[in-house]
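The values are calculated or read from the model by the stated rules, or taken from the named source; none is laboratory data. None of these values were measured; they are calculated from a predicted model. Positions of Cβ are generated from backbone atoms using ideal geometry, with glycine treated the same way; all protein chains shown enter the neighbour counts. What goes into the accessible areas is simple: the full protein's heavy atoms, side chains included, and nothing from ligands, DNA or RNA. Shrake-Rupley method; radii C 1.70, N 1.55, O 1.52, S 1.80 Å.
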Amino acid sequence: MEFEEILSSLPEKEGNGLYRKDFLRTWDMSDEDIKLIASAAAGLKALRDRNISSKFFDSGIAVSMFNNSKNMGMEFAFASGCDMLGLTLREMSGRIGPGSLAETAAMVSYMADVIGIRDGRYIEKSSRYMTRMVNTLKESRDNGVMAQRPYVINLGSDEDSPVQTISDLEHMALHFGGIENLRGKKIAVTWAYSPDGTRPLAVPNGIVSLLSRFGTNLVLAYPEGYELMPGTEERAAANAANSGGSFTRTNSMEEAFENADVVYPVNWAPYNFLQSRTDFCDANLERGIELLEHELKENNMQFVDWECTESMMEKTKGAAALLLHDLPAEITDISCVRGEMTAQVYNANMDSLLVQAGLRPYVIAAMVMLTKSEDPKAVLKSLKEKAVKRYI
Amino acid sequence: MEFEEILSSLPEKEGNGLYRKDFLRTWDMSDEDIKLIASAAAGLKALRDRNISSKFFDSGIAVSMFNNSKNMGMEFAFASGCDMLGLTLREMSGRIGPGSLAETAAMVSYMADVIGIRDGRYIEKSSRYMTRMVNTLKESRDNGVMAQRPYVINLGSDEDSPVQTISDLEHMALHFGGIENLRGKKIAVTWAYSPDGTRPLAVPNGIVSLLSRFGTNLVLAYPEGYELMPGTEERAAANAANSGGSFTRTNSMEEAFENADVVYPVNWAPYNFLQSRTDFCDANLERGIELLEHELKENNMQFVDWECTESMMEKTKGAAALLLHDLPAEITDISCVRGEMTAQVYNANMDSLLVQAGLRPYVIAAMVMLTKSEDPKAVLKSLKEKAVKRYI
Amino acid sequence: MEFEEILSSLPEKEGNGLYRKDFLRTWDMSDEDIKLIASAAAGLKALRDRNISSKFFDSGIAVSMFNNSKNMGMEFAFASGCDMLGLTLREMSGRIGPGSLAETAAMVSYMADVIGIRDGRYIEKSSRYMTRMVNTLKESRDNGVMAQRPYVINLGSDEDSPVQTISDLEHMALHFGGIENLRGKKIAVTWAYSPDGTRPLAVPNGIVSLLSRFGTNLVLAYPEGYELMPGTEERAAANAANSGGSFTRTNSMEEAFENADVVYPVNWAPYNFLQSRTDFCDANLERGIELLEHELKENNMQFVDWECTESMMEKTKGAAALLLHDLPAEITDISCVRGEMTAQVYNANMDSLLVQAGLRPYVIAAMVMLTKSEDPKAVLKSLKEKAVKRYI
């Protein structure tokens, strides 16, 4: 995209609703906020593609916490997004104990500008942990413990994964020529079989909550019993009504794929399972967790044919739907015997999937820039004009 | 503090006695050296608080070695202090074997500007290790192995913790309006009970050695048998005599707190215990170490009432003494059943304790800048005048 | 060396054959390429020695992968070389699974400028792994998955270690006053005893392949049966013929040392052993590997007198040969009972060995700069002219 075009899509100063904000859930952000992130990410990418420095910081620390959920792609995305702005990454291992949260939060935050947290294993606990972190930081800042506070970016919780879903949205926008062109598009978000089968809900919850906002015809498909978090479908329905789109639910993957413009086949564990696992975990019932997971995997096997195959792809609009996945996917014949998609489908779509994943560093960098800068348009403009080469 | 005021507190060029020096023990530094570190730290903080870049380095490596003594606060302090100056942190895990010290020291040092070492577990060994590192680096430099050498900062040894104690001093100076206002203040450094109970002596040793230098009335309190390192009390007495203050020792925490302006309740293990542990360790007598630690913990239990409580705080000057601790503290009802201070005292003083801890990155950065720059005043002035924004 | 002299040794623009190239083996590079790396390394060192910034990048990621072969010296060399240019290091632990190479390679590479890989344990597998990584990255770049691709530097494979050997070459050139002065020098590369005894072939293979190119009289010595990789001796013989030098092989360490200008005593495991270990590893025969290693160590013990001693050094030209080693060495009386060299020899040559090791960061930085810049001469010149201080 041309840089001028991107700049003109950015609102003027008064528009930055994200200034000094944290990024926990897309449904706490306005449509304008979401578009602002996407535009700023595009602006940062345009600078880098032109070998122009996007160093927003001269120094500063970015802290990452990956609790119970390593993810190499997201780790590199966070590292890269922060580096692009000039921040130094410092990784925390191990979740901070609740007793000393204020103290530990301060220890890591005196000179930190952003904290990225991924903590997706436990229903409610994960998002509560992030919210407590935000509140603790606010309090410390207000009490003068630190001269400024870092802002928190959710890199994947129990309920949302805004970096992932906004990257997905941007990938679709690039594919269809703008977010406004998503209007009327049929988007199929569907459960898919995986031998692991205990993935958290962050991505399906988040994608259904976000993609229903732009006038799309969103179809959510899953086998009976594989519900998302309470409130998610209601939110999607309300979003659809507000934005002039539609939201429907089905128990048929085929129905969802039929004539779809976009398909997002992805495994998740049902909310009831995740809730029980958290309860068992609280009670330290490890044997119970094992049994629970075993039971779910057995149940999943009824639905091994929920797989994105070539013949499924043929049902989509012009047999050419845009395939989305947050990666890594479980791929039949590559990583397992039966998975979320076949090797043929994966291989045919790999480049596009990798382009999608490659947007995350820019989305992260955009979030950091937006929370620190009242006037992101001016910042991007001045970076463009200074035109410091990223490398000589 | 105003930047001009800070600048004017810095001596002119000829005054920097820390140029090309290492930072192992405060008692090897003059009063002027100590004040210089405090002023430079304040100057760096003033720059950062005004969003002005304090990048002293364009590139360069800082190496950290945390041997047998992880400490998240000090680790982030070192990372932050180095980042603020533009250095990249590289962590070494595992102590370097003595056989190959010259070789290994070179391997990590070719492009390093500073090495921060925390190695506090073993009496004598720890400081000897740091001294050997300094000597090895000097020799390598003199022999032309490297074009420059990194300087060593002690982040906590068996006998001192200069980053901590100079931060403590600076926190007190900010509280009382200047180091000169410490004259005549009653400062209570007292042993406190902790269920762990095997903490090294670096902080109490260091704080008694440093705070006795500025005309204070320093009182050291501990139960019979909980001696600091030989020579520490003698040093404090001499410092007091030299600076027109006083140094007294008591076996009563109450007496120490009585009318105190500052209280520093902190656990430590007696010198004799630490010396024996080192001997047992040399002889590989692990069972002996266990028994020794068990014995000490049993003995400690006689002194569970050496606790900083609200009623203890009421004994202090105006019931409002400044509470110091190097954190993390053992806090009754939060991290243990009986600890160094009660939850009430901790909570009432937490913001101040966190401000104290937050000074360490600046003290570290000041040390690095002072050892690399002959004229720190000119450096701070030029950073102020160039006024490069830390972030746009 | 004077900066102008270094600059003049750099070819003009059209000469950079390394632009957008990877660095896997020296025998895929021309003599001009090799000299260009050495000159650029000298240029970068000259800048740093004059406290002039060599920041070529404003931001960017360097990825390191150390698979099955930790090496502190090379790790710090890579970290330092990248930092010197302005890149941020991100370490990958764990080799990437072959199934998902394209995906994983992309995840780490979106914003990476260089990937340093050390993977030396398995014959053929290691170099094949690096080659596959290069091909995967090329493909991803061609398919538009990333806007640019990182280039790969071999930090030690089964067959070569170009960073090490080019540093060795540069060290010799500095010692003898230029690469052209190596002509006619007698260089002894000889097997030496080590109690471990299972070292890979990268260094001996690489050094024989590289040092035979400059008109040297290269002598390779090893006990019968301790062959290098097939093709290496043939390559050395061809190089010698081409460059007007000579290549001979002997089974006597004494013969090799006799009147030598340079000696490189270093342990390696015979090719046949390494090949069998790889086969056993493929078949998961761990007990077989144990037996194999045991057998080799027993066999090695026949050759404990293949040791670089003072009396061996006395046989060399003027009893003053330049001693090379890639470090760490097995040193008699320091790290073992009998090793590659005696403590006396090590101590007498330590400073020179450490200077040799200290060239590696510059060689790495030179490689990165050369693959990214079409006109390295102009880059060095402009860095020199801008003369940004590395530290104030």
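Observations on the structure shown:
- A:C336 contributes an accessible area of around 20 Å² to the protein surface, as traced by a 1.4 Å probe with all chains present.
- For chain A, the relative contact order comes to 22 percent (Cα pairs under 8 Å, sequence separation of at least 6).
- With both labels modelled 7 Å from their Cα along Cα-to-Cβ, the A:T309 to B:E385 distance reads 7.6 nm.
- Considering only beta bridges that DSSP places wholly inside the protein assembly as shown, some 5 percent are antiparallel.
- At 7 Å out from Cα toward Cβ: C:N135 inter-copy label distances (nm, ascending): 5.6, 5.6
- Stretched out straight at 0.36 nm per residue, the stretch from B:N51 to B:S8 would grow longer than its current Cα-Cα span by 13.4 nm.
- Reduction of at least 40 Å² in accessible surface, 1.4 Å probe, comparing all protein chains with the chain by itself, residues of region B:46-86: B:R48, B:K55, B:F56, B:D58, B:S59, B:I61, B:M72, B:F76, B:S80, B:D83
- Secondary-structure-derived ellipticity at 222 nm for chain C, considering helices only, amounts to -14500 deg cm²/dmol, per-run term -39500 (n - 2.57) for DSSP H runs with n ≥ 4.
- Accessible surface of B:H175 - all protein chains present, 1.4 Å probe, nearest 10 Å²: 100
- Note on C:N284/B:A283: beta-carbon distance plugged into 1/(1 + (r/R0)^6) with R0 of 45 Å gives a FRET efficiency of 0.60.
- For B:C336, distant residues with modelled amide H under 5 Å away: B:I331
- Residue-wise HN-Hα coupling along region C:167-177, computed from phi with Karplus coefficients 6.51, -1.76, 1.60 (Hz; x: Gly, Pro): 4, 4, 4, 5, 4, 5, 4, 5, 5, 9, x
- Value of relative contact order over region B:52-170, rounded to a whole percent, pairs C-alpha under 8 Å and six or more apart: 28
- Under Karplus coefficients 6.51, -1.76 and 1.60, residue-wise ³J(HN,Hα) of region A:316-323 in Hz, glycine/proline x: 7, 3, x, 6, 9, 4, 6, 8
- Anisotropy class assigned to region B:267-392 is oblate, per the alpha carbon gyration tensor with a/c at or over the 1.5 cut-off and a/b no larger than b/c.
- Ranked from shortest, the separations from the 7 Å Cα-to-Cβ label point of C:P230 to its equivalents in the other copies are 7.0, 7.0 nm.
- Pairing chains C and B buries close to 2700 square angstrom of accessible surface in total, based on protein heavy atoms and a 1.4 angstrom probe.
- 1.4 Å probe accessible area per residue over region A:299-391, in Å²: 38
- Shortest-first nm distances, C:H294 label point to equivalent points in other copies (7 Å, Cα→Cβ): 3.9, 4.0
- Region B:28-69: C-alpha gyration tensor shape, a/c 1.5 cut-off, then a/b vs b/c: oblate
- GNM result for chain B, Cα springs below 10 Å: residue of B:I153, B:I166, B:I179 fluctuating most strongly: B:I179
- Heavy atoms of B:S69 accessible to a 1.4 Å probe, total area in Å² rounded to 10: 20
- With K and R counted +1 and D and E -1, the other residues having a Cβ less than 10 Å from that of C:F176 yield a net charge of 0.
- Amide H contacts under 5 Å for A:T88, placed H, 5+ residues apart: A:G60, A:I61, A:A62
- Nitroxide proxy distance, nm - points 7 Å out along Cα→Cβ at C:A319 and B:E139: 2.4
- Prolate/oblate/rounded call for region B:264-331, Cα gyration tensor, a/c under 1.5 rounded: prolate
- Reachable lysines, given that their alpha-carbon falls under 22 Å from the alpha-carbon of B:K21 and they are not under 8 places away in the same chain: B:K13, B:K35, B:K55, B:K125, B:K138, B:K372, B:K377, C:K389
- Other protein chain Cβ atoms within 10 Å, averaged over every residue that makes up A:137-146: 3
- Only alpha carbons enter this Debye calculation for chain A, each as an equal point scatterer, and the log10 of I(q)/I(0) it gives at q = 0.12 Å⁻¹ is -0.95.
- Computed over region A:55-94, relative contact order equals 64 percent, with contacts defined as Cα pairs under 8 Å that lie 6+ residues apart.
- Table column - 3J(HN,Hα) (Hz), region C:100-111, Karplus curve with 6.51, -1.76, 1.60, x for Gly and Pro: 10, 4, 4, 5, 5, 4, 5, 3, 8, 10, 3, 10
- Measuring from the axis that maps chain A onto chain C, the chain A residue with the nearest beta carbon and its rounded distance in angstrom come out as A:T88, 4.
- Positive-end residue of A:W306, A:A221, A:A269, charge dipole of the protein assembly as shown with Cβ unit charges: A:A221
- Database remark: amide H of A:C308 closer than 5 angstrom to the amide H of A:M341, A:T342 (H placed geometrically; neighbours at sequence offset of 5 or more, or on other chains; Pro and chain starts carry no H).
- Region C:184-255 - percent of accessible surface contributed by carbon and sulfur, probe 1.4 Å: 48
- Solvent-accessible area per residue for region C:7-134 (1.4 angstrom probe, square angstrom): 32
- For a modelled paramagnetic label at C:N299, 7 Å from Cα along Cα-to-Cβ, the residues of region C:264-284 in reach, with backbone nitrogen under 11 Å, are C:269-277.
- Partner aspartates and glutamates for B:K386 [C-alpha distance under 18 Å; skip if fewer than 8 residues away on the same chain]: A:D58, B:E2, B:E4, B:D49, B:D58, B:D375
- Residues of region C:336-358 buried by at least 20 Å² on assembly (accessible area, 1.4 Å probe, chain alone as reference): C:Y346, C:M350, C:D351, C:L354, C:V355, C:G358
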